[in-house]
Amino acid sequence: MTHRTAMNPYSLDSYQRPTLETPDQQDRILLHSCCAPCAGEVMEAIKASGIAQTVFFYNPNIHPVEEYEIRKDENKRFCDKLDIPFIDADYDKDNWFDRIEGLEDEPERGKRCTVCFDMRFERTALYAHEHGFPLISSTLGISRWKNMEQINDCGVRAADRYDELDYWTFNWRKQGGAQRMIELSKREEFYQQEYCGCVYSLRDTNRWRMANGRPRIKRMVKFYGRDMIPTREPEDS
Ligand code: SF4
């Protein structure tokens, strides 16, 4: 007797990408991106829908600077591959630390993250306003580590600063998006970060690891598809 493995209709190989509908049928978007693994699936979905996109890399939260550079370079590499414009915005980390002051011990998904998202989306919205983009969104929402509602609230709040601007609250995780994000990251052998980005997330992830008998994070060494090691599972939100 032969056993057949059912084909997964959402896998990268078999998924028939639908044409996505943007708010007000806008055909141009400024996409805030946090990193290549989160951006890959979102960028391919937008491209397949014929929506003109520009990637905006503004992440002064990422610590230390080598980590910031490798995440940025990986994202730019994929933009170049897909022929998508890439905006390399400021690494104004001093402003980030100023805004976060007093929230250093907040847990991930707490108030510090709201301020962090606000800062990144405010700059994205400003750039969109100054350059005539009618729509913004962010790749942050595809990560199961993040609270989607928190991200969408911050995105909508940033876009509301300008009359002609909308934040697209599309759920990139649905219809297998979270799975394709991993498949695509392996296909492209993206750099695999093991903490959200800021110095406090690095500290707290290492604390969790030590409490659970795991080694500390080694930065700059892991790439998807080369050395996959199971890590802590996120809670769904
Ligand atoms: S944990 Fe992530 S989202 Fe939260 S403040 Fe740090 S970098 Fe920003």
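Worth a mention:
- Within the range 157-192, GluC sites (Glu not before Pro) in DSSP loop having at most 16 other beta-carbon neighbours inside 10 Å: 164, 189
- Where labels lie 7 Å past Cα in the beta-carbon direction, separation of residue 126 and residue 11 in nm: 4.6
- Each label was represented as a point 7 Å from its Cα along the Cα-to-Cβ direction; for residue 210 and residue 169 these points are 4.0 nm apart.
- Which of 138, 49, 14 has the fewest Cβ neighbours within 10 Å, and the rest in rising order: 14, 49, 138
- Using the Karplus relation 6.51 cos²θ - 1.76 cosθ + 1.60 with θ = phi - 60°, the per-residue 3J(HN,Hα) values for the range 110-127 come to x, 5, 4, 5, 4, 5, 5, 5, 3, 4, 5, 6, 4, 5, 4, 5, 4, 5 Hz, with x marking Gly and Pro.
- Modelled spin labels at residue 104 and residue 179, positioned 7 Å past Cα toward Cβ, are 4.3 nm from each other.
- What separates the Cα centres of the range 73-116 and the range 145-215 is a distance of 11 Å.
Laboratory data are not the source of any read-out in this text; all were calculated from the coordinates shown. Computed from a prediction, not measured in an experiment: that's the story for all the values here. Ideal geometry is used to build each Cβ from the backbone, glycine not excepted, and the neighbour counts take in all protein chains shown.
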